[in-house]
1. List every residue pair whose Cβ atoms sit under 9 Å apart, with the two residues 6 or more apart in sequence or on different chains, where the first one lies in the range 36-50 and is in contact (Cβ under 8 Å) with a residue 12 or more places away in the chain and the second, anywhere, is open to solvent by 70 Å² or more (accessible area, probe 1.4 Å) and of a type in the set (A, V, I, L, M, F, W, C).
2. Listed residues Arg109, Arg127, Arg94; which is of a type in the set (D, E, K, R) and touching a residue at least 24 places away in the same chain (Cβ under 8 Å)?
3. Could you pull out every one of the strands (runs of 3 or more DSSP E) wholly within the range 26-134 that has 2 or more residues that are open to solvent by 60 Å² or more (accessible area, probe 1.4 Å), of a type outside the set (Gly, Ala, Ser) and modelled with pLDDT of 85 or more?
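The values are calculated or read from the model by the stated rules, or taken from the named source; none is laboratory data. Nothing here was measured: the structure is a model prediction, and the numbers come from that model. So basically every Cβ, Gly included, is an ideal-geometry build from the backbone, and we count neighbours across all protein chains shown. Accessible surface is based on the protein model in full, side chains and every heavy atom, while ligands, DNA and RNA are left aside. Shrake-Rupley method; radii C 1.70, N 1.55, O 1.52, S 1.80 Å.
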Amino acid sequence: MEAALRMLELDVRRRLDGLLQGNHLGLVPGPGTEPGEARTYQPGDDVRRMDWAVTARTTVPHIRETVADRELETWMAIDLSPSLDFGTAACEKRDLAIAATAAVAHLTRGGGNRIGAAVSTGADNVRIPARGGL
């Protein structure tokens, strides 16, 4: 399985060469410029990050958080319900779903990137928070 993932990594990265500019999009270190969520203003916050649209809507001062450009957060929706319990003699649909999940996780790991998942087993829905260091 690991050899197949490494071969996939080589093929995909070779095709993407030139389209991606490394693992880090930002040229300068820092909090980033990608807009994130708004939160209530607290004394000591930088007023230059004030989110005036949210402040006007709620009449309470809000600050816009930013997301670092250098981190990729990948979310996967995985169906592991009993409907995947069939397939061919060589491979079931469940095996393909697990292999696809492993391939995506393998290709997006590293560089401060985070991977999370929403897994449905048919009876339960489980949310696995995005984490790095896999």
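1. Going by the 9 Å Cβ cut-off, the qualifying pairs are Tyr41/Val47.
2. Only one candidate qualifies: Arg109.
3. Hits in the range 26-134: 34-40, 73-79, 125-131.
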